[in-house]
Ligand code: IPM
Ligand code: MG
């Protein structure tokens, strides 16, 4: 039985509650001898700030570097609104992404049949939806320098963020996009704002070049990111894989999440480059939702995005594609039985807690694995 080294970083808000359901899943996988895990846990975000005055410590970063996969919950909350910008909870997440080189963020938006009515869009627009937002995760305005607020001395201040992309950064994310598309419905849509931004001009040019050079067999389409957002809520099924930069990807993936009924449904995988020697890649798995401080500690958070994120770890880090499919089927079966957390509640459904939802999903998985 292969053993995998995991670092669990539950973080803040609902993070620990949804992470508890991953632990339930891990126990099942070990107990039933499907896979075994060497598990470490650490602090990130506000939890780390409270203990160490930084959003993640160097020691925890070292553990993250050594892990086969980092499983991340959520960070942030009003409690830390006033902490210095450099050590705000989100800085821990950004350091993990940047230092581990996790440039490719895969955010699938899948509508489970039982949930097609939970979306704010009409059933026919989302029923059977299965698309991927591929977000560039280590570049762009999130990390560009300068990033400053300067006092102009005349009662005015000036804030600067810098959107910057080099050719290689666009090439490598485009390649991941084309490869994903090729394994799916063979269509890639690239989104930028080349009508306004120089980074958009370069993004468009480089994606075209990678296409012509390496992936001419994949259907490529370009959209301005604002029009893309509009198309995403008008007729999302026109898309297969969408590749876009860090900031547009952040926004468009929240939009895509709501197509599926709730932010609590969307998992994600953040992957680094494949190491030529070891053939492995650094990886972190994180739900798209945040720490939801308003419902934290109430046992009502939806654990599905977190569990499905672990499913992506099985798929992308542990070569357990079959078990990942089973986990997806277990989630679908649990929803089909009418179990719902509060965020996806519907007429006649049974509202359950985070733990009840997690236990039901693991129970379904147990049946499927038997
Ligand atoms: C996300 C989140 C993060 C981001 C925050 C928490 C820094 O919104 O993963 O989508 O902006 O990338
Ligand atoms: Mg976001």
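Points to keep in mind about this one:
- Residue 322 vs. criteria closer than 28 Å to residue 95 by Cβ, surrounded by fewer than 20 Cβ atoms within 10 Å (Cβ to Cβ) and away from ligand 1 (no atom under 15 Å from the Cβ): no
- Looking across the range 51-84 at every residue that is part of a strand (DSSP E or B) and within 14 Å of ligand 1 (Cβ to nearest atom), the one that is farthest from residue 315 (Cα to Cα) is identified as 74.
- Filtered residues of the range 252-276 (kept if under 19 Å from residue 129 (Cα atoms) and without any contact (Cβ under 8 Å) to a residue 60 or more places away in the chain): 254, 255
- Pairs with Cβ under 6 Å, 6+ apart, first in the range 62-82 and closer than 22 Å to residue 4 by Cβ, second assigned to a loop (DSSP other than H, G, I, E, B) and within 11 Å of ligand 1 (Cβ to nearest atom): 72/286
- Per the listing 309, 291, 253, the residue uniquely assigned to a loop (DSSP other than H, G, I, E, B), crowded, with 16+ Cβ neighbours inside 10 Å and within 16 Å of ligand 1 (Cβ to nearest atom) is 291.
- Output for the range 223-264, where each listed residue is modelled with pLDDT under 95 and away from ligand 2 (no atom under 14 Å from the Cβ): 259, 260, 261, 262
- Of all residues in the range 46-59, at least one satisfies being at negative phi and in contact with a strand residue (DSSP E or B) (Cβ under 7 Å, 6 or more places away or on another chain).
- If you go through the range 85-109 and keep only what is closer than 25 Å to residue 294 by Cβ, more than 11 Å from ligand 1 (Cβ to nearest atom) and more than 17 Å from the chain's Cα centre (by Cα), you end up with 85, 87.
- Only listed residue being under 22 Å from residue 242 (Cβ atoms) and within 16 Å of ligand 1 (Cβ to nearest atom), chosen from 112, 142: 142
- For residue 104: the one exception among (1) surrounded by 22 or more Cβ atoms within 10 Å (Cβ to Cβ); (2) closer than 20 Å to residue 343 by Cβ; (3) touching a strand residue (DSSP E or B) at 6+ places or on another chain (Cβ under 6 Å): (2)
- For the range 66-90, the set of residues classified as in contact with a helix residue (DSSP H, G or I) (Cβ under 8 Å, 6 or more places away or on another chain) and under 20 Å from residue 270 (Cβ atoms) consists of 69, 70, 71, 72, 73, 74, 75, 76, 88, 89, listed by residue number.
- Flag if residue 284 is within 16 Å of ligand 1 (Cβ to nearest atom), buried (at least 19 other Cβ atoms within 10 Å of the Cβ), part of a strand (DSSP E or B) and within 20 Å of the chain's Cα centre (by Cα): yes
- Any hit, the range 343-350, residues being in contact (Cβ under 8 Å) with a residue 12 or more places away in the chain, within 30 Å of residue 251 (Cβ to Cβ), within 16 Å of ligand 1 (Cβ to nearest atom) and assigned to a loop (DSSP other than H, G, I, E, B): no
- Note on the range 114-167: residues that are closer than 23 Å to residue 187 by Cα, within 16 Å of ligand 2 (Cβ to nearest atom) and not in a strand (DSSP E or B) amount to 1.
The values are calculated or read from the model by the stated rules, or taken from the named source; none is laboratory data. In this text the structure is predicted, and so the values were computed from the model without any measurement. Neighbour counts run over all protein chains shown; Cβ positions are idealised from the backbone, glycine included.
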